[in-house]
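Below is one structure; the comments refer to it alone.
The values are calculated or read from the model by the stated rules, or taken from the named source; none is laboratory data. Quantities reported herein were computed from a predicted structural model and do not represent experimental measurements. As a convention, Cβ positions derive from the backbone with ideal geometry for all residues, glycine included, and neighbour counts pool all protein chains shown.
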Amino acid sequence: MLSLYLRLIGARIRSQMQYKLSFWLELVGFALSSGLEFVALAILVGTFHSVGGWSLAEVGVLYGLSSISFGLAEMVSRGFDAPFELMMQRGSFDGVLTRPLGSFFQIMTSEFQLRRLGRSTQGALVFLYACRHLAIHWTLARLILMPLTLLSGMVVYMALIVIGATICFWTIKTPEVINIFTFGGDTLVSYPLSIYNGLIRNIFLWVVPVGFVNYPAALLLLQRSDPYGLPATAAWAAPLVATVFFAAAGLFWRVGVSKYTSTGS
Amino acid sequence: MTLIEVEHLRKTFLLAVRQTGRFASLRGLLSRQTRPVHAVSDVSFTVAAGELVGYIGPNGAGKSTTMKMLTGILHPTSGRIKIAGRVPYQERVEHVRRIGVVFGQRSQLWWDLPTIESFALLRHIYRIPLARWQANLQSFSTLLDLEPFLNTPVRQLSLGQRMRADLAAALLHDPAILFLDEPTIGLDVVARERIREFLEHINRENGVTIMLTTHDLADIERLCPRVVLIDHGGVVYDGPLATLRTRFGRWRTLIVDLNQSVDHVEVPDAELLRVEGTRVALRFDRDRTTAAALIAAVAARYPIRDLTVEEPEIESIIRDLYEQPGSLA
């Protein structure tokens with residue numbers, strides 16, 4: 001299955017590389033436009049010197065972790081975005097069901113946007129700069145935690161994109177509301193969760209666990225404590241939370257597909 | 001050997017009823033009133049291995065819905081389907097591995113990749129042994145003349161080329177059955193003929209069982225020894241095309257161009273359809289009179305400049321059939 005995945009993704013990348021100039025422009029474009037988000041954030045935090053007691057560099061850790069994950073998720077799962085929506089509108093999802101592969105796998109491999117790495121690269125730069133500035137002490141455990149956190153974040157954002165796509169089975173169009181959780185979530189968790197009221201905090205920690213991705217990990221790296229008592233060690237639970245959330249999204253997808261097979265488009 | 005068994009197949013969709021009156025769209029969001037629509041109400045037939053069957057019927061008769069159930073896309077509301085020993089909607093992946101599907105309106109190929117790359121990806125998706133794949137590709141390239149555009153991205157292909165590529169793609173994995181939905185739609189005469197020749201060949205030489213829907217009577221005449229005709233979600237005829245035609249296609253239309261325009265034409269045994277200046281269309285029942293007798297009768301009264309006799313189209317045969325439901329007995 002992995003080799004088939006790589007083959008299909010390879011084909012996607014080759015076809016994008018037919019337009020090299022456009023590829024590089026878009027890559028840089030994504031890096032710049034998401035970089036602007038950080039500039040806006042920096043101006044805001046700079047004006048007030050800190051947000052909820054977090055310095056700009058500390059916010060940079062939160063921002064970096066979320067951006068890297070979000071960029072990676074967009075890269076691998078944008079097949080669930082516009083291409084899938086188009087598929088629903090044109091009725092070509094039928095074709096997916098006539099291939100001897102799972103529909104989830106086929107949609108996932110229908111698109112691979114390498115250019116989304118622009119966001120991740122930019123996030124990584126902010127993260128590395130912030131870490132240097134803060135002179136974070138890297139223990140082995142912390143080094144192991146980083147890829148786990150990034151992967152968990154990627155999986156949570158992927159699940160959100162899948163959920164948005166699944167709604168298409170009922171509405172044909174992906175509702176804009178899902179962007180509140182993807183783009184909105186990415187922006188929201190760039191600030192420490194402690195500054196939000198209980199409802200928003202709880203939603204982004206426990207319902208749509210975008211905040212679970214970076215907040216506890218940042219607490220742990222920065223050796224801070226959460227005013228509401230969320231332990232920094234929760235960072236180690238992120239992979240579990242992400243897995244559960246992704247499984248829920250996968251289940252929802254199955255419900256969507258069975259709705260399609262019983263009613264058509 | 002029976003390959004396809006369909007028994008009392010039924011598919012009912014629930015359509016949302018559009019609300020009317022005040023705040024209609026708002027109320028529509030809250031209450032979901034639905035109305036059942038029987039796309040397929042009772043369809044039964046069997047297809048033996050090696051057959052080439054035309055599945056025809058007017059628009060909205062339930063053709064596509066049946067095809068979607070046979071290919072595992074839709075789950076039936078009730079009834080039974082068994083294809084090569086499998087129930088399509090229960091074992092979708094295993095089922096589609098053994099069939100080929102072509103939708104005339106939509107390509108199944110990778111839009112922005114060269115055609116040959118689509119074929120290569122299909123080899124991996126269907127896990128076709130390399131030698132088998134090469135042999136098939138070689139054979140289809142010759143039969144369908146794919147060579148000139150194997151390296152062209154699919155989006156740049158003409159409709160005819162694209163259809164040929166899609167046909168080859170659907171057959172690379174040696175499916176036992178090929179399902180085709182409108183394989184010649186939108187194609188010119190030459191392209192249609194080429195596709196028909198190909199289908200005939202793979203049916204006869206490779207033993208691929210074919211089931212196809214079409215609006216083109218010529219496809220049916222050329223290819224299908226047997227037709228299954230459905231209307232209003234049920235089978236109204238199942239048998240050879242020749243019988244269908246002689247039994248139900250009795251109506252012919254005689255079109256004559258007269259030397260001068262007329263208001264009305266009166267000829268025995270014929271019904272006046274329309275008068276457009278000097279052109280007159282007359283409908284007659286082939287069982288009651290012959291074209292020759294009718295022409296003679298018209299010529300006796302009016303000077304004729306030119307004439308044609310139109311055969312009934314499949315659509316009108318179907319319409320006639322529907323208007324005389326008892327005529328099947």
| query | Within the stretch A:42-61, can one find any residue that is of a type in the set (A, V, I, L, M, F, W, C), more than 14 Å from chain B (Cβ to nearest Cβ) and loosely packed, with under 13 Cβ neighbours inside 10 Å? | reply | yes
| request: Check whether at least one residue in the stretch A:195-207 is away from every other protein chain (no Cβ under 14 Å) and either in contact with an Asp or Glu (Cβ under 9 Å, 6 or more places away or on another chain) or part of a loop (DSSP other than H, G, I, E, B) (or both), and report yes or no. | output: yes
| task | Would you mention how many residues in the stretch B:48-70 are within 13 Å of chain A (Cβ to nearest Cβ), out of contact with any Pro (no Cβ under 7 Å at 6 or more places or on another chain) and in contact (Cβ under 8 Å) with a residue 24 or more places away in the chain? | result | 5
| note | Going through (1) within 21 Å of the chain's Cα centre (by Cα); (2) more than 10 Å from every other protein chain (Cβ to nearest Cβ) one by one, residue B:86 fails only at (1)
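For the stretch B:88-99, check the following and say yes or no: at least one residue is in contact (Cβ under 8 Å) with a residue 60 or more places away in the chain, under 25 Å from residue A:7 (Cα atoms) and part of a strand (DSSP E or B).
yes
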| message | Quick check on my filter: what residues within the stretch B:252-268 are under 12 Å from residue B:306 (Cα atoms) and either among the aliphatic types (A, V, I, L, M) or outside any loop (DSSP other than H, G, I, E, B) (or both)? | response | B:254, B:255, B:256, B:257, B:258
| remark: Given the conditions (1) at pLDDT below 95; (2) outside any loop (DSSP other than H, G, I, E, B), every one holds for residue B:82 apart from (1)
| query | Hey, among the residues in the stretch A:95-124 that are assigned to a helix (DSSP H, G or I) and free of Cβ contacts under 8 Å to residues at least 12 places away in the same chain, which one's nearest to residue B:121 (Cα to Cα)? | reply | A:106
| Does any residue in the stretch B:103-124 that is at the interface with chain A (Cβ under 8 Å from one of its Cβ atoms) come within less than 7 Å, Cβ to Cβ, of a residue that is polar (S, T, N, Q) six or more places away or on a different chain, and which pairs are these? | B:106/A:92; B:110/B:118; B:112/A:15; B:113/A:15
| task | Select, from A:166, A:174, A:187, A:182, the only residue that is touching a residue at least 60 places away in the same chain (Cβ under 8 Å) and in contact with a Cys (Cβ under 7 Å, 6 or more places away or on another chain). | result | A:174
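Residue-wise test of (1) over 30 Å from residue A:227 (Cβ atoms); (2) among the aromatic types (Phe, Trp, Tyr).
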residue: A:30; (1), (2): yes, yes
residue: A:35; (1), (2): yes, no
residue: A:43; (1), (2): no, no
residue: A:46; (1), (2): no, no
residue: A:49; (1), (2): no, no
residue: A:54; (1), (2): no, yes
residue: A:69; (1), (2): no, no
residue: A:75; (1), (2): yes, no
residue: A:79; (1), (2): yes, no
| query | If only one of A:81, A:94 is farther than 24 Å from residue A:41 by Cα and buried (at least 22 other Cβ atoms within 10 Å of the Cβ), which one is it? | reply | A:94
| note | Residue count, the stretch B:223-244, condition buried (at least 18 other Cβ atoms within 10 Å of the Cβ) and not in a strand (DSSP E or B), comes to 5
